[in-house]
Amino acid sequence: MPGNASPGSAAGGRLALLVAAVALVLIASSQRAQTPPPSQGPRGAPVIVLDPGHGGIDGGTHLDGRILEKHLTLELARAMTPLLEASGFRTVLTRTGDYALAPGDDDASVRRDLQERLRIARDAQAAALVSLHVNAARDPRLRGPIVFYQVGDEPSRRLARAVQARLNAAFPPAARNEALPADFFLLARAGRPAILVEFGFLTNPADRAVLTSPEGRRALAAAAVDGLVRGLAELGIRGRSTPGGTGLPPARARTAPGGPAPGPAPRRPPPAPPDGRAHGRRCRR
């Protein structure tokens, strides 16, 4: 009869509404991923794309499910942004919140997520791509920063070594490492100087204390930006001076933040490649 809906039709209506809601969420997620965040900094300045690793359903490495890599990398990117802008660069973040750049959690979505990060760097005409991560290992004694570059890529190697040197200066000598070659999907296809920065080991108590404190992250961000500015200058890429500025890193980024005086990385065997938790699924080859 008109005006009386059967139980079956009511259930069907609810199912249709649920499907429509899911579709809208997926569309919104896709649209958000396809729209690069606006760049900031001096007009006409070189663009540095900061890529906070992981996001959304992909938390990256974690400590007992309480401390997630995806949150730490985003905080590090936020801390680096004003320092880069003060140094005369524009910045673009591949993500500005806790979300993945491609919906789904299968192998295909992982590849789409990485391709989306590359597209953002390409569309921004980035001078460099810097992917931010936090390390982990089964051996809790392993610690310190490690900067990776694509094997055989000389500009990226020089940039990685400059960033590694400044990050090392923020750590005691026993925690200093060397920049290492790698063959990661993101680095191999960047098409521009690109590095992947592991700021420290979440599985090491000393590193964890630095990574989880705002002051520690600010120190790491300052050291990383200092290395980036120096390394990019070696490649002929310099920040644009702002009114009253010099295009050079701010004073707080030129000094080793709370660490010993700068020195060469120790000539010790490079650390073993991190286990599967170190990069999460999004940094597989």
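What number of residues within the stretch 102-114 are in contact with a Lys or Arg (Cβ under 8 Å, 6 or more places away or on another chain) and either modelled with pLDDT of 95 or more or not aliphatic (A, V, I, L, M) (or both)?
3
Six or more apart or on different chains, Cβ under 6 Å: which pairs go from a residue in the stretch 138-158 that's closer than 16 Å to Glu178 by Cβ to one that's open to solvent by 10 Å² or more (accessible area, probe 1.4 Å) and acidic (Asp, Glu)? Could you list them?
Partner pairs satisfying both residue conditions: Val151/Asp183; Arg158/Glu234.
Only one of these is under 30 Å from Leu235 (Cα atoms), in contact with a Ser or Thr (Cβ under 8 Å, 6 or more places away or on another chain), at pLDDT below 85 and crowded, with 20+ Cβ neighbours inside 10 Å: Gly53, Gly41. Name it.
Checking each option against the conditions leaves just Gly41.
Scan the stretch 116-136 and tell me whether some residue there is closer than 25 Å to Gly65 by Cα and surrounded by fewer than 24 Cβ atoms within 10 Å (Cβ to Cβ).
From the stretch 116-136, those closer than 25 Å to Gly65 by Cα are 131-136; that's our starting set.
Those still in the list that are surrounded by fewer than 24 Cβ atoms within 10 Å (Cβ to Cβ) too: none.
Scanning the stretch 116-136 turns up no residue that is closer than 25 Å to Gly65 by Cα and surrounded by fewer than 24 Cβ atoms within 10 Å (Cβ to Cβ).
Looking at this structure, is Arg157 of a type in the set (Lys, Arg) and open to solvent by 70 Å² or more (accessible area, probe 1.4 Å)?
In short, no.
Mind listing just one residue for me: the one in the stretch 179-205 that is out of contact with any Lys or Arg (no Cβ under 6 Å at 6 or more places or on another chain) and more than 30 Å from Ala124 (Cα to Cα) and, of those, least open to solvent (accessible area, probe 1.4 Å)?
Per the stated criteria, the residue is Thr203.
Hey, Ala209 hits all of (1) over 16 Å from Met80 (Cα atoms); (2) in contact (Cβ under 8 Å) with a residue 24 or more places away in the chain; (3) open to solvent by 20 Å² or more (accessible area, probe 1.4 Å) but one; which does it fall short on?
(2)
The values are calculated or read from the model by the stated rules, or taken from the named source; none is laboratory data. Note that this is a predicted model, so its numbers are computed, not measured. Virtual Cβ from ideal backbone geometry, glycine too; neighbours counted across all protein chains shown. SASA here: full protein model, heavy atoms, side chains in, ligands and nucleic acids out. Shrake-Rupley method; radii C 1.70, N 1.55, O 1.52, S 1.80 Å.
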